[in-house]
Amino acid sequence: MENPIEPAQCSPESISQSSVTISDFSDEILLHILSYIPSYDLVLSVSRVCRKLQTLCQDKSLISHIQLHKEYRASEEAVKRLLKELSGDIQTLDASGCYWLAGSTLDVVIRCAGLVRLDVSGWRVTPARLSRLLGSLRLLRSLALDIGTGFDLQQLSAEGKAALARLSELKQTLLTPSYGVVPCCGALQSLSLYLEVAEGWHEPSAHLQLLVGQSSVPRYHNLHWFSARLAPGEVNRALLSLYLAAFSMRVPEGLTGLVVAMPGPASPIPASTGLLTQGILSAGSAISAFQLPQTWLDGATLRRVLGHGCPAYLNVSRCAAPGFEPLCVLLGAGCELSPLRSLNLRGKTEEEVDAEGIRTLTESCPQLTHLNLSSTHYHHTTPEKLDGHLCGALGYLSRLRSLALPACALSQGPPVPANKPDMATKLSSESLLLGLKKNRRIGVPAYQPMLDNTGGLKEEQEGEAESFLRPLINGCPYLVELELIGTGFLSAMPRYEPAMRKDPAACPWSFQVGDAQLAALGKLRFLRRLTLAHLPGVLKGTGLIQLVLGCKDLQVLSLANLGSLKTVNYTPALQEALKHCTQLREFRLEQPYFSANASFFDALAHCRLLQRLCLVSRHGTFQHAAAVSFMQHCDDVIMFHMFTGGTLVACKTLQKTLLDSLSASRPALSVVVYPLLHEELGNVIREMPLCHLDEITLFKTRVAEDPTVL
């Protein structure tokens with residue numbers, strides 16, 4: 001072999017003689033490193049280390065776009081100092097979810113006259129402050145804000161209304177029935193609505209705004225993008241219908257994005273929805289995103305939309321109905337599917353996934369990045385080739401980054417009938433020493449090796465379990481987000497309705513998915529976000545340990561209803577697994593009868609980077625001292641939400657103790673401890689910061705749900 005590569009020889013002497021300092025790095029490398037540091041630390045701390053770093057920290061690539069979203073350690077004073085020092089350089093400011101910042105911080109934002117994009121979602125914005133803010137930001141073209149109780153558009157100044165008239169993009173979260181600032185935004189090209197009005201709302205003044213002369217005021221003439229996401233409740237559906245009514249007067253001609261997400265049973269399809277679809281078709285070009293509620297979409301409408309080209313984001317979740325199969329319509333539309341990047345085919349728990357259809361889809365959409373197949377079933381017979389299995393078909397999506405699957409998709413075969421003995425039982429019953437054998441224990445089944453047809457032991461049980469997953473693991477090595485959710489799973493954590501008191505039955509095929517399959521998932525080395533829910537086949541949880549040992553960079557972990565629901569048998573394995581989750585930022589655990597004791601919190605304390613924690617356990621218990629010790633030990637935890645079977649007094653005592661002792665040092669601290677089955681839980685939920693409630697406290701699938709991931 002010519003020119004063989006020889007290993008380099010390094011000695012301590014050579015290392016000491018050629019030491020490398022930070023000054024030896026190029027500016028490009030240092031700027032890339034500095035881009036990972038929070039803006040407030042960069043300006044207020046790093047820039048004071050030396051002159052070189054001071055110069056680099058003033059680079060426009062670092063200070064023109066300020067990101068405060070999820071910067072929970074940023075105090076109000078630090079944010080004000082940051083904005084004062086960079087007031088002349090900031091062009092975009094994302095301060096969404098900074099619920100702990102006072103409204104007076106907006107007065108400092110007024111100094112940033114060069115702002116083009118501003119996101120203050122989660123802040124309490126009054127008309128007076130908004131008027132002062134908009135009057136000074138004459139270059140502003142994109143705005144995101146919340147409309148809360150008492151907001152009156154008539155109190156805005158003339159300068160504020162003039163600034164709104166120049167906006168081209170608006171994202172508006174409505175906490176009260178109102179048109180917000182939309183009536184003043186005559187040049188909008190993009191409108192995103194988040195309707196979060198709670199049931200039982202009462203505010204007469206806002207009711208008058210909706211009824212007296214404003215129903216025709218919203219301007220959609222130049223609109224290219226319209227999206228609306230609704231929280232549960234009839235009031236939000238009624239509010240959406242008022243927004244859509246404006247389309248009955250004039251349909252925007254260039255609409256290229258339409259996303260309407262409505263949980264639960266949708267209201268009857270309004271006439272304006274047909275006009276919206278007509279507006280999309282009149283544009284004469286392919287749209288970028290498309291989603292309608294389940295009862296508003298049929299096969300004919302979807303075919304007409306696809307006739308102009310396939311969108312990059314397509315969400316037809318829960319839309320399957322007799323005579324309408326979205327995947328068949330998509331594959332039979334005759335259009336080029338290569339533009340598709342995100343596809344949501346989430347079902348209604350009755351649909352069966354067609355592996356051949358998915359195989360055809362993967363061949364037509366090689367660039368597909370996000371795919372959701374949850375709330376469906378995949379019941380297969382053992383295929384002759386692995387390509388015939390669903391995981392084999394998915395293995396062709398080499399660019400896939402996020403995936404949601406039903407738990408039964410990982411099953412090795414059909415469930416074993418309850419009255420049919422397995423081979424191990426048959427052999428033992430035929431033994432000559434039958435009278436000496438021990439009775440089988442009732443409870444957690446012991447580990448049993450798999451036997452072949454001749455009664456011989458198979459060499460590798462884990463290898464057999466991994467064989468079905470191997471095409472997926474090898475074909476999608478860069479998978480970042482994975483959701484494995486048992487079909488029919490419903491979280492016990494409510495939104496506004498009472499908590500669930502009975503767990504739904506699991507798919508019989510999901511009982512075949514256990515620790516061996518979880519261990520095989522550990523080969524997804526780039527996995528960052530993982531959700532496992534409704535997996536009754538997970539017994540001891542040893543697969544969790546192997547999984548986290550392989551996925552060392554796991555940052556978000558959500559576990560729900562694993563194994564037996566009345567006896568939590570995987571607690572020791574879970575505690576051992578948590579000790580290896582050194583990069584974990586968010587952890588959500590939902591398990592009936594779970595004991596949040598000292599051993600659990602001691603194991604969780606190994607997650608030194610943990611920021612948000614949510615525990616949901618019907619009939620569960622907790623230890624007050626252990627929870628307090630954990631929160632004092634883990635400085636970065638700013639969200640502690642726990643809903644168990646404890647008494648109201650015990651829950652309120654723990655909540656008060658944590659708030660009193662930690663609020664001063666953690667400005668973003670959010671502590672909610674409450675009995676899960678208490679009748680007032682719905683009112684408590686309404687007071688939570690919306691960013692925590694939507695992102696972690698409430699369980700829901702997140703893959704291919706939001707077009708902003710494109």
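Grab the Cα-Cα distance for F526 and V684, subtract it from 0.36 nm times how many residues apart they are, and report the gain in nm with one decimal. Display every interim value, and only then the final one.
Details: separation 158, 0.36 × 158 = 56.88 nm, distance 3.71 nm.
Residue separation times 0.36 nm, minus the Cα-Cα distance, leaves 53.2 nm.
Cross-link pairs exceeding 23 Å in C-alpha to C-alpha distance, out of K70/K700; K60/K84; K552/K579; K523/K566; K70/K161; K540/K566, comprise K523/K566; K70/K161. Taking other C-beta atoms within 10 Å as the exposure proxy, E234, E199 rank E234, E199 from fewest upward. Taking label points 7 Å from Cα along the Cα-to-Cβ direction, Y478 and K579 give a separation of 3.6 nm. Couplings for region 532-540, taken from phi via the Karplus curve 6.51 cos²θ - 1.76 cosθ + 1.60 with θ = phi - 60°, read 10, 9, 6, 10, x, x, 7, 9, 8 Hz in order; Gly and Pro are left as x.
Restricting to Cα pairs below 8 Å that are 6+ residues apart, what does the relative contact order work out to for region 536-682? Please round to a whole percent. Mind showing how you got there, number by number?
Numbers: 287 pairs, mean separation 27.0, N = 147.
Over region 536-682, the number comes to 18 percent.
Once the piece of chain linking S64 and R303 is laid out straight, how much longer is it, given 0.36 nm per residue of separation minus the C-alpha distance between them?
81.7 nm
Length gained on full extension, L549 to H379, computed as 0.36 nm times the residue gap minus the Cα-Cα distance: 58.2 nm. Over region 326-402, calculate the relative contact order: mean separation of alpha carbon pairs under 8 Å at least 6 apart, over the residue count, as a percent. The normalised contact order for region 326-402 reaches 36 percent.
For region 219-264, the square roots of the Cα gyration tensor eigenvalues, ordered a ≥ b ≥ c, give a/c of at least 1.5 with a/b no greater than b/c, which places it in the oblate category.
Each residue, H32 and Q367, gets one label point 7 Å from its Cα in the Cβ direction; the gap between the two is 2.5 nm.
Read-outs: derived from the displayed coordinates by stated rules, not from any lab. It should be emphasised that the depicted structure is a prediction, and the values quoted were computed from it without experimental measurement. Here the Cβ is made from the backbone with ideal geometry for all residues, glycine too, and neighbour counts use every protein chain on show.
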